[in-house]
Amino acid sequence: MLMKNTINWEWNIWKDNFCQTYENKGWIPVKYDFSFKYIDGGTLLDYALKKERLLLEINKDMDNKILIDIRSAGLPDFVTNRINRQFLHKTEELFNELRSLEHLIKKNPIENKKESNQTTRDNNSRKKPCRTCGNMNKKNRYHLESACWFKNKESNIKSKNNHEIETELIEKTNSSTINQNKAFTK
């Protein structure tokens, strides 16, 4: 490219050549744009705007009806069930519908606290300490006894690097057998 484009060429030509050479021509951005879905935590309108931007980066000539359908496909089912598809002809109409359904997504923070407190109480009442860890004086460890690391460790003890001990035992047994043989011969 450098050999072909000399310093005398205009910046627009350089820019176009670089963009054509190094643009992403694969399917990864297309797959991402089509599979982009609403994730809890954001507003529905933010999702719709970002999805529109992603889709228009792929194809600027996309029809409004298709844009509306693809955006709606990424929304949660309880939201799309409340949107009347027949009356949506422009993206602005979808935005208005999403603004009116925003209350479905945002929950009352007090309700969230109550729910989280109940779930932690329920989880605490169900938790039981591991007996294997309790017997080893490692208290307050909550996991299944079948998955206990210490239980598995005790059952899988392997002797390693005991060569010296083995040779001593062999020598002792050999010397004791020799002594026994001498006692029998006398």
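No value in this document is a laboratory result; all are computed from the given coordinates. What you see is a predicted model, and the numbers here were worked out from it, not measured in a lab. Positions of Cβ are backbone-derived with ideal geometry, glycine not excepted, and every protein chain shown enters the neighbour counts.
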query: For His143, which sequence-distant residues (separation of 5 or more, or a different chain) have an amide H within less than 5 Å of its own amide H, given hydrogens modelled in the peptide plane?
result: Cys130
query: the stretch 16-64: which GluC sites (Glu not before Pro) are DSSP loop and have at most 14 other beta-carbon atoms within 10 angstrom?
result: Glu23
message: Students often forget the sequence filter, so: which aspartates and glutamates lie under 20 Å Cα-Cα from Lys128 once same-chain residues fewer than 8 apart are removed?
response: Glu145
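Set the bar at 28 Å for Cα to Cα. Now go through Lys31/Lys65; Lys37/Lys90; Lys15/Lys90; Lys25/Lys65; Lys15/Lys65; Lys37/Lys60 and name every pair that lies beyond it.
Lys15/Lys90; Lys15/Lys65
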From phi via Karplus (6.51, -1.76, 1.60), per-residue ³J(HN,Hα) for the stretch 88-103 in Hz, x at Gly/Pro: 9, 10, 10, 5, 5, 5, 5, 4, 4, 4, 5, 4, 6, 9, 4, 5
- request: Would you compute the Debye intensity of the stretch 26-105 from its alpha-carbon atoms alone, equal scatterers and no solvent, and pass along log10 I(q)/I(0) at q = 0.13, 0.24, 0.25, 0.26 Å⁻¹ to two decimals?
  value: -0.37, -1.21, -1.30, -1.39
query: If you average the sequence gap of Cα pairs under 8 Å that are 6 or more apart and divide by the length of the stretch 26-105, what percent do you get for the contact order?
result: 37
task: Could you go through the stretch 39-51 in sequence order and give the Karplus-derived ³J(HN,Hα) for each residue, using 6.51 cos²θ - 1.76 cosθ + 1.60 with θ = phi - 60°, rounded to whole Hz, and x for Gly and Pro?
output: 10, 4, x, x, 8, 5, 5, 4, 4, 4, 5, 5, 5
